[in-house]
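First comes the structure, then the notes that go with it.
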Amino acid sequence: EYVTSQHVYEVSHVDATLSLDGATWTLKRFQLHTPAEHTFDGKAADLELQFIHESVTEGGGAKALIVSAFAVVMEGQGSPSFLRELAEASGSLASDPADVVPLDFAEVAQAVMIGQLSHQGANPRDFVPNFKNYLRYSGSYSSPPCTEGVEWVLLNNPLFIYKQDLAALKALEGVNDRPTQPLNGRAVNTSIPA
């Protein structure tokens with residue numbers, strides 16, 4: 001058993017699309033999970049941002065693609081402005097979930113699809129932006145009823161988040177991660193050639 005967030009951020013008035021595998025995917029909503037639902041080397045990030053996209057199939061049905069970005073607290077690293085704006089609005093969202101939080105999706109896309117480079121000993125020549133640096137697998141939604149047939153893209157480069165911004169979002173969301181699931185024979189593919 002786990003509790004999912006009651007806070008799903010609907011995306012409207014923005015024609016945010018992503019092209020992948022010859023299909024155009026339209027961003028419909030995003031949600032936050034604290035801590036992250038996916039793990040890397042057995043460790044979960046502090047926050048997972050799931051951007052839920054849909055594409056219409058030839059038969060008129062919808063397919064789902066979820067792009068996950070991960071945020072971690074790191075001393076000396078700051079939050080992208082859209083995470084600060086969500087954290088600042090978290091108090092009003094708790095009392096009125098219908099509140100509108102205007103976000104600059106060009107800035108969101110840039111931060112998420114590139115990722116951030118740590119100021120602590122990172123070599124910028126070795127940095128590969130997220131749009132070329134991700135993992136993919138076929139799975140299910142992470143919220144009940146956990147319907148199968150979802151394509152997942154997990155971005156490798158994290159975003160950084162101030163500790164106080166994470167605390168504000170955790171206060172709003174609570175602990176709402178689905179326990180990490182076994183792969184059950186699923187293939188996880190990387191965008192980085194071996």
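The values are calculated or read from the model by the stated rules, or taken from the named source; none is laboratory data. The structure displayed is predicted, hence computed values, not measured ones. Here the Cβ is made from the backbone with ideal geometry for all residues, glycine too, and neighbour counts use every protein chain on show. Accessible surface areas use protein heavy atoms only, side chains included; no ligands, DNA or RNA. Shrake-Rupley method; radii C 1.70, N 1.55, O 1.52, S 1.80 Å.
Filtered by the rule that a residue be out of contact with any helix residue (DSSP H, G or I) (no Cβ under 6 Å at 6 or more places or on another chain) and not in a strand (DSSP E or B), the stretch 149-165 gives N156, P158, Y162, K163, Q164. Between L32, L83, L65, the distinction of being part of a helix (DSSP H, G or I) and not polar (S, T, N, Q) belongs to L83 only. For the condition surrounded by fewer than 18 Cβ atoms within 10 Å (Cβ to Cβ) and either assigned to a strand (DSSP E or B) or touching a residue at least 24 places away in the same chain (Cβ under 8 Å) (or both), A168 does not qualify.
Within the stretch 123-132, at least one residue is in contact (Cβ under 8 Å) with a residue 60 or more places away in the chain and within 17 Å of the chain's Cα centre (by Cα). Right, V128: surrounded by fewer than 17 Cβ atoms within 10 Å (Cβ to Cβ), of a type in the set (V, I, T) and closer than 21 Å to Y9 by Cα or not? Criteria not met by V128. Can you confirm whether the stretch 95-117 contains a residue that is within 21 Å of D41 (Cα to Cα) and at pLDDT below 85? Yes, that holds for at least one residue.
Evaluating D104 against the criteria (1) open to solvent by 20 Å² or more (accessible area, probe 1.4 Å); (2) within 17 Å of R29 (Cα to Cα); (3) over 18 Å from the mean Cα position of the chain (by Cα) leaves one unmet condition, (3).
A quick yes/no check of all residues on (1) surrounded by 14 or more Cβ atoms within 10 Å (Cβ to Cβ); (2) in contact with a His (Cβ under 6 Å, 6 or more places away or on another chain); (3) within 18 Å of A111 (Cβ to Cβ):
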site: W25; (1), (2), (3): yes, yes, no
site: G42; (1), (2), (3): no, no, no
site: L47; (1), (2), (3): yes, no, yes
site: A64; (1), (2), (3): yes, no, no
site: E75; (1), (2), (3): no, no, no
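Taken together, the residues in the stretch 142-165 that are open to solvent by less than 60 Å² (accessible area, probe 1.4 Å), over 28 Å from E88 (Cα atoms) and among the polar types (S, T, N, Q) amount to 0. For first residues located in the stretch 176-194 and part of a strand (DSSP E or B), partners that are of a type outside the set (S, T, N, Q) and lie 6+ apart or on another chain with Cβ distances below 8 Å form the pairs N189/L135; N189/R136; N189/Y137; T190/Y134; T190/L135; T190/R136. Within the stretch 4-23, the set of residues being over 15 Å from L135 (Cα atoms), in contact (Cβ under 8 Å) with a residue 40 or more places away in the chain and either open to solvent by 70 Å² or more (accessible area, probe 1.4 Å) or in a strand (DSSP E or B) (or both) comprises Q6, Y9, L18, A23. Being among the acidic types (D, E) and either in a loop (DSSP other than H, G, I, E, B) or touching a strand residue (DSSP E or B) at 6+ places or on another chain (Cβ under 6 Å) (or both) is the filter here; which residues of the stretch 122-148 pass it? If the condition is that a residue be among the acidic types (D, E) and either in a loop (DSSP other than H, G, I, E, B) or touching a strand residue (DSSP E or B) at 6+ places or on another chain (Cβ under 6 Å) (or both), then E148 is the only one that fits.
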